[in-house]
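Below is one structure; the comments refer to it alone.
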Amino acid sequence: MNDNLHQLSCFGCGARISGAEAQPDFRCAQCGDLFEVEYAGWSQRHGQNRPNPGALKWLWRERRCSSEALDQSGVWRFRELLPILDNFGNAVTLREGNTPLYPLKRAARALGVDQLFAKHQGMNPTGSFKDTGMTAALSVARERGFEWVACASTGNTSAAMAAYAARAGLRSLVLIPEGKIAWGKLSQAMDYGAFTCQLKADFDGCVRVLTQIVKESPIYLLNSVNPYRLEGQKTPAFEIAEAFDWTVPDHLIVPGGNLANSSALGKGFRELHELGLVARLPRISVIQAEGANPLARSFATSNGEKMEPVEAHTRATAIRIGNPASWRKAARVVRDTGGWCLDVSEAEIAIAKAELGAEGLGCEPASAVTLAGLKKLRADGKVASGETVVLVLTGHTLKDADYTIGFHRGTLLNPKETIGRTAEIEGLRRDAVAVDATSAAVLAALKDSAR
Ligand code: F0G
């Protein structure tokens, strides 16, 4: 069976090539921009390649009861909308996707928003949203006969790549910025058997080195410039639409680092709309950390038309990126859907993360920018009380336990960062206390804490 119906279209100059013609760095040979996967016939109203919406909705739901590995994946369950393989039998899956959509009742009440949800992508097999993209792109690598795959990463991409490569029997090479990724993520790359190099460089420096490497050796690049990653990462849009019975929420809020995820989710909703599966698009807003905010700056100065790279600093190491590869794609998504791009401070991120933890969910710091961003949007009157809002939580809370412990012990933030927010922070902190090993001492400590 030939399941493959796609071509690659350049985001910059519109040049079209077949998947096999892509260069090792996935840049357009004409203009240097990135490619998007495109499916012939989808934009036409009629035609033999255009899927039938009603039949698809039924089929995708039926697959949730199937015992087939491919059907149990929240990515490949939607395989009619990502026909990127010659044979779906080549797909490498860890049963990613199908992640929960949790109501956020306390935050909704505090913000005066009727309907607030968290789509928790940290509930994926390796603990982040990267699994949805990795199953797609690594399957392409396997189908094309590569033995080695590689990525530069702030940690989560490398964890996901190493796991999927191990499942497929491929070797993996990881480049990470030394000392700047969370231990949980580094431990995963080691455990899944990646060859891991810590470079004295930031993420953007790691990308530069890897781009050179893939041009010189037959190693398949799995960074998000690889357009197949985005095909997997668009599927949470399908899950969200399905969860709302194919109406879409009013507003989706996504963290922004290298800016592929916001691009992918925007593509997912756009395709659902083009194919007649949903009637409208949600607003999509992107939130960055204040110290790693090139897109937020770009929107403030040129409505996302021009972007100057920055030297990035934030404790939310996953999004410590100063020169995001997919910024043009993400800017288009924000503009086309009527969303916003904002930045939030280190204290705002830490507070939002603790609030999500206190709802029994938790997430990694980079994910918490979504709640911090929603607070700003709400304060600015950009989100109305009657709107349905979904925050995309991208990583699991256990990825970066040091950050969480630092917050609760009161050692994370410096005094300058906490100005005007100490009461709020103290109200959220839950440090562990050292107590004598007697019931009387524990009960006395409990009584003390209630004062
Ligand atoms: N949240 C988490 C937990 C991430 O790991 C990342 C990116 C993002 C948000 C931002 O997503 O880059 O698509 O805008 N992590 C990458 C990595 C860069 O190497 O793991 P983006």
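Residues of segment 232-251 that are of a type outside the set (S, T, Y), touching a Gly at 6+ places or on another chain (Cβ under 8 Å) and either touching a residue at least 60 places away in the same chain (Cβ under 8 Å) or open to solvent by 10 Å² or more (accessible area, probe 1.4 Å) (or both): G232, Q233, K234, P236, F238, E239, H251.
Here C151 meets each of (1) touching a helix residue (DSSP H, G or I) at 6+ places or on another chain (Cβ under 9 Å); (2) surrounded by fewer than 24 Cβ atoms within 10 Å (Cβ to Cβ) with one exception, condition (2). Among the conditions (1) within 16 Å of the ligand (Cβ to nearest atom); (2) out of contact with any Phe, Trp or Tyr (no Cβ under 7 Å at 6 or more places or on another chain), P227 misses just one, which is (2).
Evaluate the following for G89: is it out of contact with any helix residue (DSSP H, G or I) (no Cβ under 7 Å at 6 or more places or on another chain) and either modelled with pLDDT under 95 or not charged (D, E, K, R) (or both)? In short, yes.
Pairing each residue of segment 143-161 that is of a type in the set (V, I, T) with any residue that is assigned to a helix (DSSP H, G or I) and away from the ligand (no atom under 12 Å from the Cβ), provided the two are 6+ apart or on different chains, yields C-beta distances under 7 Å for V149/L138; V149/A141; V149/A165.
Looking at segment 352-377, which of the residues that are in a loop (DSSP other than H, G, I, E, B) and within 13 Å of the ligand (Cβ to nearest atom) is surrounded by the fewest Cβ atoms within 10 Å (Cβ to Cβ)? By that ranking, first place goes to G362. Applying the criterion of being among the aliphatic types (A, V, I, L, M) and not in a helix (DSSP H, G or I) to the residues of segment 428-451, the residue that is least open to solvent (accessible area, probe 1.4 Å) is V435. Looking across segment 63-93, the residues that are hydrophobic (A, V, I, L, M, F, W, C) and open to solvent by less than 50 Å² (accessible area, probe 1.4 Å) come down to A69, L70, V75, W76, F78, L81, L82, I84, L85, F88, A91, V92.
Name the residues in segment 260-310 that are among the small types (G, A, S), more than 16 Å from the ligand (Cβ to nearest atom) and at negative phi, would you?
The answer is A279, A300, S302.
I'd like to know if segment 407-427 contains one or more residues that are in contact with a Leu (Cβ under 8 Å, 6 or more places away or on another chain), more than 30 Å from P125 (Cβ to Cβ), at pLDDT 95 or above and assigned to a helix (DSSP H, G or I). Within segment 407-427, one or more residues are in contact with a Leu (Cβ under 8 Å, 6 or more places away or on another chain), more than 30 Å from P125 (Cβ to Cβ), at pLDDT 95 or above and assigned to a helix (DSSP H, G or I). For segment 340-351, a residue qualifies if it is within 13 Å of the ligand (Cβ to nearest atom) and assigned to a helix (DSSP H, G or I), and exactly one does: I349.
Here's the yes/no breakdown for (1) open to solvent by less than 30 Å² (accessible area, probe 1.4 Å); (2) touching an Asp or Glu at 6+ places or on another chain (Cβ under 9 Å); (3) away from the ligand (no atom under 13 Å from the Cβ):
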site	(1), (2), (3)
Q115	no, yes, yes
R142	no, no, yes
M161	yes, no, no
A168	yes, no, yes
Y192	no, no, yes
A201	no, yes, yes
E216	no, no, yes
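Hey, R320 hits all of (1) open to solvent by less than 30 Å² (accessible area, probe 1.4 Å); (2) within 12 Å of the ligand (Cβ to nearest atom) but one; which does it fall short on? Just one mismatch for R320, condition (1). How many of the residues in segment 117-137 are out of contact with any Leu (no Cβ under 6 Å at 6 or more places or on another chain) and either in a strand (DSSP E or B) or more than 16 Å from the ligand (Cβ to nearest atom) (or both)? Within segment 117-137, residues that are out of contact with any Leu (no Cβ under 6 Å at 6 or more places or on another chain) and either in a strand (DSSP E or B) or more than 16 Å from the ligand (Cβ to nearest atom) (or both) number 1.
The values are calculated or read from the model by the stated rules, or taken from the named source; none is laboratory data. In this text the structure is predicted, and so the values were computed from the model without any measurement. Cβ sites come from the backbone with ideal geometry, for glycine too, and all protein chains shown count toward neighbours. Remember, those area values only see protein heavy atoms, side chains included, never the ligands or the DNA or RNA. Shrake-Rupley method; radii C 1.70, N 1.55, O 1.52, S 1.80 Å.
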